[in-house]
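One structure is given here, and the rest of the page talks about it.
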Ligand SMILES: NC(=O)C1=CN([C@@H]2O[C@H](COP(=O)(O)OP(=O)(O)OC[C@H]3O[C@@H](n4cnc5c(N)ncnc54)[C@H](O)[C@@H]3O)[C@@H](O)[C@H]2O)[C@@H](O)CC1
Ligand SMILES: [K+]
């Protein structure tokens, strides 16, 4: 699992400060940042006339460097500034640019827009008048490129403060990914995100991006039980559990039992069992409870049996309405829970902060791995580690896709000991399956794609 680091604004500033303490000047970093953006802009826009918007501080400073470097490549560059430079390095970069600078309000539309108004220092939403000018110029441009982050988004939680902002074609993240590149609504504005190495060493981070997992193919000594035995507990609505069980099979679990419900059908290789006796089988590596469970007395009995079995648990859907953080905390083996926003709030209450903060607090509260699902899925471990998924296709917003994810989580949990790593592998497979399925997918289509995306992980 690659797990590229994601740095908050403060963490990026600390990395930058450590680099400067090691002897690299701030101006050098700004030059590297500007050079990286100029190179990306050149490649993307092939030298078309370019408007660079520069803010008052260091993001704006990067902008002046971009303008200078594009001019050196022969590009027709116009610079428009939101006020005078208010940091020493931005001022130096403007002096080095040396060309004309017009006020933002007078900026002419050009084919390429480079937005260097605000970066990781943004503390509040853009002034409505500034946002309106930005949106207008972006709308008139053919190519829109954001320096570090789109101006007007909050770096650490991806908020846009309710302001309408442009959608960019590319965002050049300086030094490392930031939460805003992955959290909504900001992530949807970024376009393609390119991380530019500006020579700032980035330590291992508690916050990472979910990368493609490594899922070794079975060896000669493997058999169906070593491949992972998964028990999926069914209930009132058998279809959901069937989706989950099939996903687990397709993701490589060697033996999948669908137990406790009345469901029939599925692949011939799926084993159907009455009741929950399978939970006493010591070969069971992971138990999934929740999809199609229902919320009646039968559902509670099934859940109680699951909670008592001592096997690694994955809890989803209806099961999340019937447990509490205290019950999860009491489990001998940490569970994985997979709530969407509504289930999350029902289970953990209204927690403060970003999705990262909330998922992390919930995981600590319940001492389990929390997969907070959505357009920006966030996974948190009880020890404080958090991983964020790349944006997944919005076509996933359809019935049954959560059941498929739950089955994938169970299959991964059955073969990967670390529940945090297992959850990440499953979320990656789910997103990749959705990419492969394409437009207007239904949950069943994901099942057909799982084998293909698992093969890509070997
Ligand atoms: N992190 C790094 O290693 C590097 C960062 N650099 C650049 O520096 C940027 C951060 O620069 P700064 O911290 O100077 O901050 P910004 O350039 O992001 O500007 C934010 C500042 O503007 C003011 N402000 C905040 N919100 C505002 C609003 N809505 N309207 C008007 N004014 C507002 C505040 O005074 C705040 O300090 C990064 O995004 C990046 O572009 C690069 O120059 C070099 C390397
Ligand atoms: K920017």
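The values are calculated or read from the model by the stated rules, or taken from the named source; none is laboratory data. This is a predicted model, so every value here is computed, not measured. In this analysis, Cβ positions are derived from the backbone assuming ideal geometry, glycine residues included, and neighbour counts consider all displayed protein chains.
Odds and ends about this structure:
- Candidate set from the range 110-133 (those that are without any contact (Cβ under 8 Å) to a residue 60 or more places away in the chain and part of a loop (DSSP other than H, G, I, E, B)); member that is nearest to ligand 2 (Cβ to nearest atom): 122
- Residue within the range 162-169 that is loosely packed, with under 13 Cβ neighbours inside 10 Å and either free of Cβ contacts under 8 Å to residues at least 40 places away in the same chain or not assigned by TED's automatic domain parsing to the domain that holds residue 47 (or both) present: yes
- Taken over the range 91-118, the criterion of being buried (at least 21 other Cβ atoms within 10 Å of the Cβ) and farther than 22 Å from residue 75 by Cβ is satisfied by 118 alone.
- Of all residues in the range 202-226, exactly one satisfies the criterion of being modelled with pLDDT of 95 or more and closer than 28 Å to residue 42 by Cβ, namely 209.
- Tally, over the range 1-27, of residues that are under 25 Å from residue 70 (Cα atoms) and either free of Cβ contacts under 8 Å to residues at least 40 places away in the same chain or touching a strand residue (DSSP E or B) at 6+ places or on another chain (Cβ under 9 Å) (or both): 1
- Residue match in the range 92-109 (condition: part of a loop (DSSP other than H, G, I, E, B), within 16 Å of ligand 1 (Cβ to nearest atom) and either modelled with pLDDT of 95 or more or within 32 Å of the chain's Cα centre (by Cα) (or both)): no
- Selection count, the range 163-179, where residues are within 14 Å of ligand 1 (Cβ to nearest atom) and in contact with a strand residue (DSSP E or B) (Cβ under 9 Å, 6 or more places away or on another chain): 9
- Residue in the range 55-71 that is away from ligand 2 (no atom under 16 Å from the Cβ), within 18 Å of residue 27 (Cα to Cα) and surrounded by fewer than 24 Cβ atoms within 10 Å (Cβ to Cβ) present: yes
- Hey, residue 262 surrounded by fewer than 22 Cβ atoms within 10 Å (Cβ to Cβ) and closer than 24 Å to residue 226 by Cα or not: no
So that you can scan it fast, the table gives a plain yes or no per residue for (1) more than 16 Å from ligand 2 (Cβ to nearest atom); (2) surrounded by 17 or more Cβ atoms within 10 Å (Cβ to Cβ); (3) closer than 19 Å to residue 171 by Cβ:
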| position | (1), (2), (3) |
| --- | --- |
| 14 | yes, no, no |
| 17 | yes, no, no |
| 25 | yes, no, no |
| 28 | yes, no, no |
| 31 | yes, yes, no |
| 34 | no, yes, yes |
| 45 | yes, yes, yes |
| 53 | no, yes, yes |
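- If the condition is being touching a helix residue (DSSP H, G or I) at 6+ places or on another chain (Cβ under 9 Å) and more than 9 Å from ligand 1 (Cβ to nearest atom), then the range 46-70 contributes 47, 50, 51, 52, 53, 54, 64, 66, 67, 68, 69, 70.
- Those residues of the range 134-156 which are part of a loop (DSSP other than H, G, I, E, B) and within 9 Å of ligand 2 (Cβ to nearest atom), in sequence order: 148, 149, 150, 151, 152, 153
- Among the residues of the range 294-331, those that are part of a loop (DSSP other than H, G, I, E, B) and modelled with pLDDT of 95 or more comprise 309, 310, 311, 312, 316, 317, 323, 324, 330, 331.
- From 410, 392, residue being at pLDDT below 95, in contact with a helix residue (DSSP H, G or I) (Cβ under 6 Å, 6 or more places away or on another chain) and surrounded by 21 or more Cβ atoms within 10 Å (Cβ to Cβ): 392
- Taking the numbered list (1) away from ligand 1 (no atom under 11 Å from the Cβ); (2) closer than 19 Å to residue 192 by Cβ; (3) within 30 Å of the chain's Cα centre (by Cα) in turn, residue 151 passes all entries but (1).
- Selection of the range 178-210 for residues being within 15 Å of ligand 2 (Cβ to nearest atom), under 13 Å from the mean Cα position of the chain (by Cα) and assigned to a strand (DSSP E or B) yields only 193.
- Evaluation of residue 289 against the conditions (1) crowded, with 22+ Cβ neighbours inside 10 Å; (2) farther than 12 Å from residue 232 by Cβ shows that the sole unmet condition is (2).
- Applying a threshold of 6 Å to beta carbon distances and a minimum spacing of six or more residues, or different chains, the list of pairs starting in the range 172-187 at a residue that is outside the structural domain of residue 14 (by TED's automatic domain parsing) and under 15 Å from residue 390 (Cα atoms) and ending at one that is at pLDDT below 95 and buried (at least 24 other Cβ atoms within 10 Å of the Cβ) is empty.
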